[in-house]
Structures are given as C-alpha cells and as structure tokens.
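One structure below.
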C-alpha cells in the first residue's frame with residue numbers, strides 16, 4: 001500500500017541514496033578472497049548494529065535458486081525471539097506483483113483479457129465522472145493509469161485490527177486502525193468508495209484525466225483488479241493466487257490471512273524501535289497483505305528471474321513477456337526519477353515496476369513494514385529485503401539502503 005506517509009519514505013530513501021552509498025560501499029570494501037557468505041553476514045551485522053531496525057531478513061538469488069539468505073535481529077524484541085529467514089510478516093505493496101501474475105494466468109485460462117472494460121465483470125459501475133463515456137480497462141488498473149486515485153476514506157478505512165484493543169491503547173499510535181467489526185469483503189467495501197451511490201464516494205476519487213493517459217499509483221485500483229479477477233473466474237483472489245502461484249512454487253509458509261500462516265512465526269511490527277504495533281489486517285488485502293518469509297520470497301524472486309529469460313514455470317512465455325513489458329511512455333508521467341535504483345514507478349509492467357536504471361521489481365511500505373524486491377535482468381541476480389520496523393528517519397533509511405547495497409556488493413562473487 002502507499003498511503004501518504006510512504007511518500008515521505010520514498011524521499012528519505014532517495015536522500016539516503018544520494019548521500020549514503022559511497023560511504024556504505026567504503027565501509028564494506030573487503031579483499032576479494034574474503035568476499036563470501038561469512039563476510040556478507042559480517043557486513044550485515046555491522047549495518048544492523050547501527051540500531052534503527054528491530055529485525056529483518058534478506059534473500060539473494062539467481063535463476064537457479066538461492067545464493068544467500070539470513071535473518072538478523074529480533075521478530076519479538078520483548079522476548080528476544082530471533083528474526084530468521086523463516087519469520088513471517090506482511091510485505092506491503094510487493095503483494096501487487098501477485099495480482100499481476102494472477103491476471104496473466106486468468107487471461108491464459110480464457111477468463112478475461114487485459115483490455116476488457118472492468119464494468120463487463122463488476123456487479124456495480126465504476127465510471128470516471130469527468131469522462132463518463134470512457135471505459136476503464138483491466139490494463140488501466142494494472143498500469144496505474146485508470147484515473148482512480150486513493151482518497152482519505154480509503155486510507156482511513158482499510159486497516160483493521162486483528163483483535164479488539166481498547167481505544168486508550170491506540171491513541172499514541174500515528175496510524176488509523178479500525179475495529180475488527182468493520183472487516184468486510186472486497187465486494188462490499190469497494191462499491192462504498194467507487195460506486196457513485198457508495199457511502200464514501202467522492203468525485204475526487206477520480207483524476208480529471210482521461211483513463212489510460214496518466215500514471216497515478218492507486219492502491220484501490222489494484223484491489224479493484226483483484227475483484228475483477230474474482231468476478232471473472234468465480235474464485236476468490238486469495239484462493240486463485242494460492243492455487244496458481246504459492247502452491248506451484250512451494251511457498252508453504254505464505255498466505256493472505258492469519259489463518260493461512262503459522263501465527264507463532266509471525267513477527268511483531270514496530271512503528272519505531274520502541275513502539276510495538278498491534279496485529280492488523282487489510283480489507284484491501286490484495287494490494288498489500290501478502291504474509292510471507294524471506295525463504296519463500298527467494299523462491300518467488302528466482303521464478304521471476306527465470307521468467308524474464310523465457311524459462312518461468314507459472315505462466316507461458318508470451319504471458320510473462322506481457323507481464324514484464326514496459327507498458328507506458330513519457331507522456332504518461334509529469335516527471336520521473338531516473339536515478340534512484342529502487343524507483344518502481346519509472347515505468348510499469350502488469351503490476352511490476354521498472355526503475356530508470358533497468359532493474360525490475362517493487363517496493364513496499366505499511367505500518368511497521370518496509371520491503372524491497374528487485375532483480376537485474378543483465379546479471380540475473382535478485383535481492384529481497386523485508387523488515388519489521390517503519391522507516392522514520394534518515395539514519396534508518398541509510399541502514400535500510402545499506403543492507404540492499406551490501407547485497408549488491410557481494411552478489412557477483414556469491415554468484416560465481
């Protein structure tokens with residue numbers, strides 16, 4: 001998900017990139033003979049010791065599988081329970097890449113086509129009030145060009161507590177968490193915001209731009225794509241993606257809800273080093289609710305690297321070609337950052353981001369969650385990082401970026 005606070009996260013990370021990488025590289029410049037998994041572990045331990053992250057895990061993979069994988073710090077600070085590569089937590093917007101693969105699989109199965117109007121499948125109407133004659137298509141949703149934009153109602157209503165918690169224990173938190181009683185289905189929630197007759201509908205939930213013409217990152221648009229898939233296939237999105245993605249890749253520790261994972265392995269989440277957050281869920285779970293491990297995400301990322309060369313197993317080569325294809329051009333953007341290597345909004349595949357420097361992947365940010373997943377199609381090496389602490393400072397961002405940077409420094413030698 002990308003509520004307003006994650007925009008500041010992007011700015012912090014960009015500043016960390018501009019100000020930090022050279023120093024970080026110098027810190028971890030080691031003789032070639034020592035560049036191995038042990039020295040990478042040492043480098044990551046040094047970064048962890050900076051003290052801005054409670055726990056994190058990484059995976060470094062190629063098309064053959066695992067190069068390096070490890071957890072650091074604590075999944076539960078109070079009990080000193082270690083964070084490992086088998087620790088489970090949500091990964092925020094990286095979840096959207098699973099919507100993309102699911103859409104391509106549904107198209108392979110003949111259930112939908114990317115250029116179909118979404119209203120051909122929905123039991124309610126979604127129309128841009130400024131351009132009522134222009135149909136919004138599935139491809140528009142998948143490339144964030146639908147003209148549907150997130151509103152304050154979306155941000156305030158989508159996070160739901162797992163358990164009832166007294167209000168006085170929540171008032172110190174910056175995030176808005178709703179009572180478990182407000183949890184509902186996609187089919188009930190989305191019309192409240194997107195249907196002109198909905199309780200929370202506002203015209204400003206749509207841009208004054210023709211659908212298909214402008215990029216505007218939309219969480220609710222992504223969730224709507226998952227609902228379109230449900231209506232087209234007759235299968236709930238979570239079940240569909242488990243059947244066609246998680247099960248084939250043997251991502252056995254992953255799932256979309258607490259009852260699909262081992263809760264004893266789920267990390268606590270922290271808004272800062274000291275503040276523990278309550279367990280929460282997302283009504284709009286397809287846009288940010290995947291709960292997984294570094295171990296499982298290593299399998300997923302390795303599949304994506306194979307798929308880029310036509311050797312993927314989840315989709316046929318033509319589907320993967322469309323999935324990765326850069327769908328947009330300069331006219332879709334007001335401005336683009338071509339420098340930041342983890343900018344997943346420089347161009348879009350089907351819910352798959354492209355940075356200006358050629359890497360492919362996605363970022364994620366939610367309360368207590370920061371995550372990155374990118375691979376370089378030239379080297380065939382991918383990096384994944386997830387952590388259980390919100391980034392709230394430049395120093396924390398430097399540590400976060402330093403971890404990904406260290407993985408990059410060691411990747412070539414480990415790949416040998």
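The values are calculated or read from the model by the stated rules, or taken from the named source; none is laboratory data. Keep in mind it's a predicted model, so treat the numbers as computed, not measured. Here the Cβ is made from the backbone with ideal geometry for all residues, glycine too, and neighbour counts use every protein chain on show.
From the residues in the stretch 185-206 that are in contact with a strand residue (DSSP E or B) (Cβ under 8 Å, 6 or more places away or on another chain) and touching a residue at least 60 places away in the same chain (Cβ under 8 Å), which one is surrounded by the most Cβ atoms within 10 Å (Cβ to Cβ)? The qualifying residue surrounded by the most Cβ atoms within 10 Å (Cβ to Cβ) is 194. Scanning the stretch 51-79 for residues that are surrounded by fewer than 17 Cβ atoms within 10 Å (Cβ to Cβ), modelled with pLDDT under 95 and closer than 23 Å to residue 270 by Cβ returns a single hit, 51.
Restricting the stretch 240-252 to residues that are in contact with a strand residue (DSSP E or B) (Cβ under 8 Å, 6 or more places away or on another chain) and crowded, with 21+ Cβ neighbours inside 10 Å leaves a set whose member that is nearest to residue 95 (Cα to Cα) is 246. The test for being outside any loop (DSSP other than H, G, I, E, B), under 18 Å from the mean Cα position of the chain (by Cα) and buried (at least 21 other Cβ atoms within 10 Å of the Cβ) holds for residue 296. Considering the stretch 216-236, the residues that are under 22 Å from residue 335 (Cα atoms) and surrounded by fewer than 22 Cβ atoms within 10 Å (Cβ to Cβ) include one that is nearest to the chain's Cα centre (by Cα), namely 217. Every condition in (1) out of contact with any strand residue (DSSP E or B) (no Cβ under 7 Å at 6 or more places or on another chain); (2) within 27 Å of residue 353 (Cα to Cα); (3) touching a residue at least 24 places away in the same chain (Cβ under 8 Å) is met by residue 50 except one, and the failing one is (2). Among all positions in the stretch 325-337, there is at least one residue which is assigned to a helix (DSSP H, G or I), on the phi < 0 side of the Ramachandran plot, without any contact (Cβ under 8 Å) to a residue 40 or more places away in the chain and surrounded by fewer than 22 Cβ atoms within 10 Å (Cβ to Cβ). Scanning the stretch 353-400 for residues that are assigned to a loop (DSSP other than H, G, I, E, B) and buried (at least 24 other Cβ atoms within 10 Å of the Cβ), we see that the one that is modelled with the highest pLDDT is 388. Just one residue in the set 326, 335 is at pLDDT below 95 and over 24 Å from residue 109 (Cβ atoms); that residue is 335. Within the stretch 343-352, the set of residues being part of a strand (DSSP E or B) and surrounded by fewer than 23 Cβ atoms within 10 Å (Cβ to Cβ) comprises 348 only. Of the residues making up the stretch 273-298, those that are modelled with pLDDT under 95 and out of contact with any strand residue (DSSP E or B) (no Cβ under 7 Å at 6 or more places or on another chain) number 2.
Quick grid of which residues meet (1) touching a residue at least 12 places away in the same chain (Cβ under 8 Å); (2) farther than 18 Å from residue 90 by Cβ:
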| position | (1), (2) |
| --- | --- |
| 353 | no, yes |
| 361 | yes, no |
| 370 | yes, no |
| 380 | yes, yes |
| 383 | yes, yes |
| 391 | yes, no |
| 410 | yes, yes |
| 416 | no, yes |
